[in-house]
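Accompanying notes for the structure given below.
Where a number appears in this text, it was derived from the coordinates with a stated rule and is not lab data. Please read all numbers here as calculations on a predicted model, not as lab measurements. Virtual Cβ from ideal backbone geometry, glycine too; neighbours counted across all protein chains shown.
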Amino acid sequence: MVGITSYGAYIPIWRLAREVISKEWGFPGAPGEKAVANFDEDSLTMGVAAALDCLNGFDRTSIDGAFFATTTSPFLERQAAVTMAAATDLRRDILTSDFSDSLRAGTQAMRAAADAVKAGTAKSVLVAAADTRMPPPRSQFEMLFGDAAAAVIIGDKDVAVEIQGFHTMYHEISDVWRANKDDFVKAWEDRFVIEEGFLRAFNEAVADCMKKYKCKPADFAKIVSYAPDYRWHTQLAKRLKIDESQLQDGLFGFVGLTGCAHPLLMLVGALESAKPGDKILLISYGNGIDIFILQVTEHIEKIRSRKGLSGHLMPKRNMPDYATYAQWRGIVSAEAAARRPASAPPSSSALWRERDRILRLHGGKCKNCGTLQYPPQRVCTRCRGKDNFETVRFSDKKAKLFTYSLDYIAGSMDVPLAVCIVNFEGGGRMLCTMTDRDVSEIQVDMPLEMSFRRVNTIAGVPNYFWKCIPVRS
Amino acid sequence: MMRTYTHIELDQEVQSIGGHYSLDKEVRMPYNGREILYIVGLGIIDTSCCGMGGCRYAIVPGYVINWKARTNQHGLAVSDVEPIRDEGTRREISAHIKKTELVQVVDFH
Amino acid sequence: MGQSIRDKVAIIGMGCSKFGERWDSDATDLMVEAAYEAYEDAGIDPKDIEAAWLGTVQSGMTGQPAAAALKLDYVPITRVENACCTATDAFRNAVYAVAAGVHDIVLAIGVEKLKDTGWTGLGGFGLPGSSMVEANTPPPVQFALAATRYSYHYKIPMDELKRTLARIAVKNHKNGALNPKAHFQKEIKLEQALRAPMVAYPLGLFDCCGVSDGGAAAILTTPELAKKFRDDYVLVKGIGMAVGGQQGMLQDDYDFVHFEENVRASQMAYKEAGIKDPLEEIDHAMVHDCFTITELIITEDLGFAPRGKGPECHETGMFDKDGQLAINVDGGLKCFGHPIGASGIRMIYEVYKQLQGKAGPRQRKNPKLGLTHNLGGRPGSFTCTVAIFGR
């Protein structure tokens, strides 16, 4: 049996009320809010966060594939799945692949993972999908698009959700696109996009799939389906002749449409309340349709201890204004006003040499005196034992704030910059900055966890490292 | 606990080796049946060892007990205030001030 | 263990430039200003200099800038860089050369021209060729970590601690107002310091030092030769130095409320100088008040106040200009700013003048021993020098 053996999700803590956008542009007000990645987040960091949620309780050495799906990779040439595999501290002899260019990238990665497991190429493949699609400012897309990530592990042991069927169909149409040099997502006019794009493909593929597997939509406990917006999503129930309660929530009200992560994120939502035996239909759209026929097993009960979708809905923080959003998303920049020397770009050779301590957050434990130290040392700080360490991963350790300061004049983006000395549970400490924080909540001894972030972008090249965040629960 | 608050002149530039600032105003804000004193300043940090910056900020000495009760030897007015130590109250007041004033930081003394 | 440096080397002349925003002066001007004051003070001819040590962090490489500025005639010159201890370390190496008997008369000179960079601040933006993943944490941010922890550790409410820190700033500004060579010569009121904007919480504008240009120089010789130049030469009584190896960052039990390097360096210097009770025996101390919290912690680390009692001791006024042990009687970094390569010798300049009774309105009564202290780095790993001087 091949299927989903674990799931996880990540939604940034920040929300932008649609009211703020409509006020900025003088639009009629729209209800709800959307999730917005912090200035130090991108699709890769969110993918890592969802992957870590999904790996909770999993032996990481058992994973032998890492697939990353996004339409907004930080690189056009350089595999993001590889960075994700390193940040999640996976083995090096595993399959890695990026799936891109389509909103179906998430379900296509899932399909490829299932095929690999079926073929015996891999036993357990991690699939993460994340997107931070850029809507044109002052557009309906700006109201609609949110940022998030979701992840699943596909395997053949202890399967919690069996993949019972799969149907696909491509649909060649220029409805929504972003060309090589475009900054923002573009679309043809609405009626065409919906009627000749989504609806035509949806109707055709769903009918074919039902015929192929001799079933009907009403047979499913939950139908998890992409839709181009809130209005069309609510109409799906009628179209499929199912009860509204069978239709999984589209997340438009409080997360937004999250690109290729959206079908997986909704699926995670469905699995959180699914019972063993439930049948689920998963439908994604993007230049075609992918449909999965899924059935939940009794193993679902054993993988409940993750944050998932529900654990990331609260707590949340509201972004104060549009200017903050515009700065985070790079629509405007305050960097030009900075009166400090331009930073030198990171050295690729230094990054490579220090890759384990940077991406995997590896430190060392002295085998002689037991002192945990970060970054890794050649000679022990306490007993001077030479090259006698075992590797310790700090990225998933709980931590406490030992002391901190707030830098009010260092930069233009994250003021005040919270600089922290973090002591890890079980030993070891590091200096790092705190992100996703409210200044008033910062105090000595507060519980912290580590989060993988894009720490800077110099000369267009993003650079990644770990920061601490207040424990999100 | 009571503490004195010595009023320094408003709109007067105070110089330091690393920059300068001036206080714009003193505000007595009603809060839960009592009165809170806060002051608003504008700082320019232009030659400090830490870089450059500037901000409008607020400082909250506390609840007003006696307003400008006396003058000190330098001729400056002195009030009695009760410092605010409770974190919850601080958060609330901080949010309130940030709503009415364009300040980057609210600090409690 | 080697021998103590006590009474083996004498200072016979010193010079110190005016510190400040010296837009019209370059490093050469600052070196000439400091060195020629020292030559004149010592009564020597520049060609008497047999060797020199140049301390500078970013105003030149090799010993050549000093040779070129002062036209030293093919003598050996070593350039020294050791962060905020640069000047004192240049001085220290010059002292050892005299004590070794290799040279009779040498020059230790420190200089820094900071105001030509076009930006403010002391850098800290990541060395080229690094991975650049660590946050840029300039000095105030690093020292603020100690202030936050000090409040927590000793259960002193932050607003109380800030009063103590403001009081330290008030003291140093009061002293600096009496010093014509200082960059900033204005007294401040406690209330003014308290209401200043935040730089790096919990440190405000008056808790931090500024960026200045300056130079300072010392002429050293043996005590025997010193007598030929003047009666009131000043003797080196002890030098201590401790260099951290990131212990405080690697070992999670480091407390952030004391700086071990201060303790080690001062103990070493006290041992050399034969000091048993520093509070009783030392008359004045120029310490590295890059931030007010630094001075507070130094006060305890150097044994002038018991642990956790630094605030109380400062409140009593015992470290004021006319207190039991005057700290930063020249105004400190607060008033001089911190031209990194010059600061240490600038401090020695004040001690030298105090011990000669030539400190003008800042003069202490019959001082016997004076101390200088520098600290470079960040809580968790410092370079620290402590030097003690007497007659």
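Report the per residue volume, in Å³, of the convex hull enclosing the C-alpha atoms of region C:135-292.
181
Please give the length that would be gained between B:Asp24 and B:Glu87 if that part of the chain were fully extended, namely 0.36 nm times their separation in residues minus their C-alpha to C-alpha distance (nm, one decimal).
Here the answer is 20.1 nm.
Can you list the equivalent-ellipsoid semi-axes of chain A, largest first and in whole Å, using the square root of 5 times each Cα gyration tensor eigenvalue?
Semi-axis lengths for chain A are 37, 28, 19 Å.
Would you mind checking the tilt of helix C:343-356 against the longest principal axis of the Cα atoms of chain C, expressed as 0 to 90 degrees and rounded to 10?
Here the helix axis deviates by roughly 70 degrees.
Nothing charged except the Cβ atoms of Lys and Arg (+1) and of Asp and Glu (-1): what's the magnitude of the dipole of region B:3-108 about its Cα centre? Round to the nearest 20 debye.
280
What is the order of A:Tyr10, B:Tyr57, A:Tyr226, fewest Cβ neighbours within 10 Å to most?
B:Tyr57, A:Tyr226, A:Tyr10
Could you give the Stokes-Einstein D for the protein assembly as shown in µm² per second, using the C-alpha Kirkwood radius, 10 °C, 1.306 mPa s?
For these conditions, the coefficient is 51 µm²/s.
Label point 7 Å out from A:Asp208 along Cα-to-Cβ: which residues of region A:152-182 have amide N under 12 Å?
A:167-172
Who wins for biggest fluctuation among B:Asp46, B:Asp86, B:Asp11 in a Gaussian network model of chain B, springs between alpha carbons below 10 Å?
Largest GNM mean-square fluctuation: B:Asp86.
Pop the C-beta distance of B:Glu35 and A:Glu196 into the FRET formula with R0 = 60 Å and round what comes out to the nearest 0.05.
Once the sixth-power term is evaluated, E becomes 0.35.
I need the P(r) histogram for chain C: all alpha carbon pairs, bin width 20 Å from 0 out to the longest distance, whole percents.
31, 60, 9
Quick one: give the max-minus-min coordinate of the C-alpha atoms of region B:3-108 along each principal axis, largest first, in Å.
42, 36, 20
Which of C:Lys113/C:Lys271; C:Lys113/C:Lys358; C:Lys18/C:Lys115 have a Cα-Cα distance over 25 Å?
Where the Cα-Cα span goes over 25 Å, the pairs concerned are C:Lys113/C:Lys271; C:Lys113/C:Lys358.
At 222 nm, what value in deg cm²/dmol follows for chain A if DSSP H runs of at least 4 each add -39500 (n - 2.57) and the sum is divided by all its residues, to the nearest 500?
Computed mean residue ellipticity for chain A: -6500 deg cm²/dmol.
Please sort A:348-355, A:76-83, C:56-63, A:51-58 by packing, taking for each peptide the average over its residues of neighbouring beta carbons within 10 angstrom, highest first.
Per-residue Cβ counts within 10 Å, averaged per peptide and sorted highest first, yield A:51-58, C:56-63, A:76-83, A:348-355.
If each of C:Thr62 and A:Ala119 carries a label point 7 Å out from its Cα toward its Cβ, how far apart are those two points in nm?
6.4
Extending each Cα 7 Å along its Cβ direction at A:Lys23 and A:Gln164, get the distance between those two points in nm, one decimal.
5.0
If r is the Cβ-Cβ distance from B:Lys98 to B:Met1 and R0 is 41 Å, what FRET efficiency results, to the nearest 0.05?
So the FRET efficiency works out to roughly 0.95.
Using only atoms on other chains, find how many Cβ atoms lie within 10 Å of each Cβ of peptide C:201-214 and report the average.
Per-residue shielding by partner chains comes out at 6.
Helix A:43-55 sits at what angle to the longest principal axis of chain A, using alpha carbons and giving 0 to 90 degrees rounded to 10?
Here the helix axis deviates by roughly 90 degrees.
As an exercise, use a Förster radius of 35 Å and the Cβ-Cβ distance of C:Tyr154 and A:Lys398 to find the FRET efficiency, rounded to the nearest 0.05.
Using R0 = 35 Å, I get an efficiency of 0.85.
Once the principal axes of the Cα atoms of region A:346-470 are found, what is the range along each, listed largest first in whole angstroms?
Projected onto the principal axes, the Cα atoms of region A:346-470 cover 43, 36, 22 Å.
How many nm separate the modelled label positions at A:Ser62 and A:Ile331, each set 7 Å beyond the Cα in the direction of the Cβ?
4.5
Given springs between every Cα pair under 10 Å in a Gaussian network model of chain B, which of B:Gly33, B:Gly43, B:Gly19 has the largest fluctuation?
B:Gly33
Which ordering of B:Ile17, B:Ile65 is given by a fewest-first count of other beta-carbon atoms within 10 Å?
By the 10 Å Cβ count, ascending, the order reads B:Ile65, B:Ile17.
What is the average number of partner chain Cβ atoms found within 10 Å of a Cβ in B:80-88?
Neighbouring Cβ atoms belonging to other protein chains average 1 per residue here.
For chain C, modelled as a GNM with alpha-carbon contacts under 10 angstrom, which of C:Lys321, C:Lys228, C:Lys181 fluctuates the most?
C:Lys228
On a straight-distance basis, which lysines could pair with A:Lys400 in a cross-link, Cα separation under 30 angstrom, same-chain partners fewer than 8 positions away excluded?
Result set, ordered by chain and number: A:Lys302, A:Lys307, A:Lys316, A:Lys365, A:Lys367, A:Lys386, A:Lys467, B:Lys98, C:Lys155, C:Lys162, C:Lys309.
Going by a 4.7 Å Cβ-Cβ cut-off, which cysteines of chain A have no partner at all?
So, A:Cys54, A:Cys209, A:Cys215, A:Cys260, A:Cys420, A:Cys432, A:Cys468.
Ordered by packing density, taken as the mean number of other Cβ atoms within 10 Å over each peptide's residues, highest first, how do A:443-452, C:333-342, A:246-255 rank?
C:333-342, A:246-255, A:443-452
Could you run the Karplus curve 6.51 cos²θ - 1.76 cosθ + 1.60 with θ = phi - 60° over region A:416-431 and give me ³J(HN,Hα) per residue in whole Hz, x for Gly and Pro?
Each residue's phi maps through the Karplus curve to give x, 6, 8, 9, 10, 9, 10, 9, 7, 4, x, x, x, 8, 8, 9 Hz.
Going by average Cβ neighbours within 10 Å, how do the peptides A:12-25, C:23-36 rank, with the highest at the top?
C:23-36, A:12-25
Which aspartates and glutamates, if any, have their Cα less than 13 Å from the Cα of A:Lys398, not counting same-chain residues under 8 positions apart?
By straight Cα distance, A:Lys398 reaches A:Glu425, A:Asp445, A:Glu449.
Across peptide C:144-153, how many C-beta atoms of other chains are within 10 Å of each residue C-beta, on average?
Average per residue, whole number: 5.
Hey, what angle do you get for helix C:86-99 against the long axis of chain C, alpha-carbon based, 0 to 90 degrees rounded to 10?
40
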